[in-house]
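What follows draws every value from the coordinates through simple rules; no lab data is involved. Every value quoted in this text rests on a predicted model; they were computed, and no experiment measured them. Every residue, glycine as well, gets a Cβ built from its backbone with ideal geometry; the counts of neighbours run over all protein chains shown.
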Amino acid sequence: MRKKVNILGIPFDSITMEETVDCIFDFFKGDSCKSVYTPNPEMVMTATKDPDFAQVLQEGDLVIPDGIGIIIASRLRKNPLPERVAGYDTVQNLFQKMKDTSYTVYFLGAAPGVVEKAAKRMKHQYPGLKIIGSHHGYFQEKEEIAILNDIQEKSPDLLLVGLGFPRQEKWIAKYKNDLPVKVCIGVGGSFDGMSGKVKRAPVFFQQIGLEWFYRFLHQPSRWRRMLQLPKFLWYVLRDTYIK
Ligand code: UDP
């Protein structure tokens, strides 16, 4: 049983990047579909106000800390998580390992055109990677059946779902048991990054824990979302020392 660290009601797995990739490869060999979620502070804050979302995250088979804010919170709670395990990096590490195997992947999410470009760039970056299908994330409810049928038919080992939170996690929880898939991961805006539409922060910013600041500089429209970070840390302090 893996150690869990509870941050405002969300149980994070105390796990390194390397262990995460190994764990997902173990999931590939299993006989049921496993869910992998990558909450950041904004998502945890949303979960404090949305009990359905909180429950979905609590029932995740693997819950990894995307964002330095979660690591800081675990330290404040004197139960430090070993390292940041960003969803984007996890997927890149999986691709690196999957490219030499027969495991397959399907991309669901992002704008029309972007997801296809992401698939094309990833095939180029990881020759041998088997991306067997993709669909954009701006579909109507009535189109969902056709998408589910496509996934059923292609039976990928890995389904990446990038519809934005909390929709992507709720979507995974709703359908995972009906799909012949081994692992579903909620990947947020990762397809935007893979397609080149959104640039990832330079490694330097990532290493000093300021990736969020780099994103803010490049997408200032996100400032309202970023205000969640100090609020999140205050809630964690309150939860740790006052309650
Ligand atoms: N998205 C989608 N369908 C929608 C709304 C959003 O596929 O109805 C996609 C959007 O194009 C983007 C991703 O969901 O690729 C959300 O990205 P964001 O950067 O907001 O997510 P984060 O990584 O912060 O969770």
Cα-centred dipole magnitude for the chain, charges only on beta-carbon of K, R (+1) and D, E (-1), debye, nearest 20: 800 debye
The range 1-158 shape via C-alpha gyration tensor axes, a/c threshold 1.5: prolate
For Glu83, distant residues with modelled amide H under 5 Å away: Ile15
For Ser134, distant residues with modelled amide H under 5 Å away: Phe107
Sequence-distant aspartates and glutamates (8 or more away, or on other chains) whose Cα lies within less than 13 Å of Lys197: Glu116
Sequence-distant residues sharing a close amide H with Gly188 (under 5 Å, placed H): Leu163, Gly164
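Over the chain, what is the relative contact order in percent, taking alpha-carbon pairs closer than 8 angstrom and at least six residues apart?
Relative contact order here is 23 percent.
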Share antiparallel - DSSP beta bridges, the chain, percent rounded to 5: 15 percent
All lysines inside 20 Å of Lys29 as judged from Cα atoms, apart from same-chain residues fewer than 8 positions distant: Lys97, Lys99, Lys130, Lys154, Lys176, Lys182
Environment charge at Val203 (Cβ cut-off 14 Å; Lys +1, Arg +1, Asp -1, Glu -1): +1
Relative contact order for the range 136-200, counting Cα pairs under 8 Å that sit 6 or more residues apart, in percent: 34 percent
Net charge of Cβ neighbours under 12 Å - reference Val56; Lys, Arg +1; Asp, Glu -1: -1
Candidate aspartates and glutamates - alpha carbon under 13 Å from Lys123, same-chain residues fewer than 8 apart omitted: Asp100
